[in-house]
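Encoded as structure tokens, the structure appears first; notes follow it.
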Amino acid sequence: MSNRIVITEALCKGCLLCADACPKDILELDKSRVNAKGYNPIFCTDMEACTACAICGRICPDSVIRVERDVE
């Protein structure tokens, strides 16, 4: 298993707080899709680059991001 970001896209409002806070700059809006609420959801552009710092999950005002870390 590797680090990964799990996003509940249906609840994402596309506020970009997570993208602005990400130290690896791997979160972007998916401008090709719109969720049921009418927003472009966020997505991870490079899951391998994720360090599982969880800053994105902590800053999200709607708690739509969960970070799963490697367990050794």
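The values are calculated or read from the model by the stated rules, or taken from the named source; none is laboratory data. Predicted model only: the values in this text are computed from it and were never measured. Please note: Cβ atoms are built from the backbone with ideal geometry, for glycine as well, and neighbour counts cover all protein chains shown. Just the protein is used for accessible areas: all its heavy atoms, side chains included, with ligands, DNA and RNA removed. Shrake-Rupley method; radii C 1.70, N 1.55, O 1.52, S 1.80 Å.
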Every residue in the stretch 26-39 that is open to solvent by 50 Å² or more (accessible area, probe 1.4 Å) and either within 12 Å of I7 (Cα to Cα) or in contact with a Phe, Trp or Tyr (Cβ under 8 Å, 6 or more places away or on another chain) (or both), please.
E28
Name the pairs whose Cβ atoms lie under 8 Å apart, with the first residue in the stretch 28-39 and without any contact (Cβ under 8 Å) to a residue 60 or more places away in the chain, the second open to solvent by 90 Å² or more (accessible area, probe 1.4 Å), and 6 or more positions between them or separate chains?
K37/K13; Y39/K13
Those residues that are closer than 10 Å to C18 by Cβ and surrounded by 15 or more Cβ atoms within 10 Å (Cβ to Cβ), I need them from the stretch 45-69; list them, please.
I55, C56, G57, I59, C60, V64, I65
Looking only at the stretch 18-48, and only at residues there that are at pLDDT 95 or above, closer than 15 Å to V67 by Cβ and not in a loop (DSSP other than H, G, I, E, B), the one that is farthest from the chain's Cα centre (by Cα):
A21
Does I42 satisfy the criteria of being in contact with a Gly (Cβ under 8 Å, 6 or more places away or on another chain) and either open to solvent by less than 50 Å² (accessible area, probe 1.4 Å) or of a type in the set (A, V, I, L, M) (or both)?
yes
Answer with yes or no whether K24 is farther than 18 Å from S63 by Cα and in contact with a helix residue (DSSP H, G or I) (Cβ under 7 Å, 6 or more places away or on another chain).
yes
Take the residues of the stretch 1-17 that are at pLDDT 95 or above and in a loop (DSSP other than H, G, I, E, B): which is nearest to R69 (Cα to Cα)?
T8
For the stretch 49-72, how many residues are part of a loop (DSSP other than H, G, I, E, B) and of a type in the set (V, I, T)?
3
